[in-house]
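Input: a single structure, listed below in structure tokens.
Throughout, read-outs are computed from the coordinates displayed, never taken from laboratory work. Quick caveat, the model's predicted, so the values are computed rather than measured. Positions of Cβ are backbone-derived with ideal geometry, glycine not excepted, and every protein chain shown enters the neighbour counts.
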Amino acid sequence: MKPPSCDLPCRVNTEQLNFETALEELETLVEQLERGELTLEQSLERFERGVQLTRRCQQALQQAEQRVMALTQPSAEAPLTPFESDPAG
């Protein structure tokens, strides 16, 4: 889902954005800031939105990391055993 294009920073609550959408909007904001064509107030608004988007992306990455950790932790019920290849095969 592409973020809505807008002249001012988008006002969609960052909690409603998935990682990819937040990252795409953040990239757009960075491009706008790098062009240097914004007023000081517009730059500050985009910077503030960028901070919100960065926090959302970090939160999504932390959640993903927690899921991976939970899935890869050894379990007493299903211990991991080394794979032994068949010497005949």
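Details
- Converting phi to 3J(HN,Hα) with the Karplus coefficients 6.51, -1.76 and 1.60 and the offset θ = phi - 60°, region 31-43 yields 4, 4, 5, 5, 5, x, 9, 8, 6, 4, 5, 5, 4 Hz in sequence order, with x at every glycine or proline.
- Under the convention that each Lys and Arg Cβ holds +1 and each Asp and Glu Cβ holds -1, the size of the dipole of region 18-72 around its Cα centre is about 320 debye.
- Among L61, G50, L40 - extreme Cα towards positive end, dipole of region 18-72, charges at beta-carbon: L61
- For peptides 53-65, 32-44, 13-25, sequence by mean Cβ density within 10 Å, most packed first: 13-25, 53-65, 32-44
- Percent of C-alpha pairs per 5 Å bin, region 18-72, short to long: 4, 20, 23, 17, 13, 9, 6, 4, 3, 1
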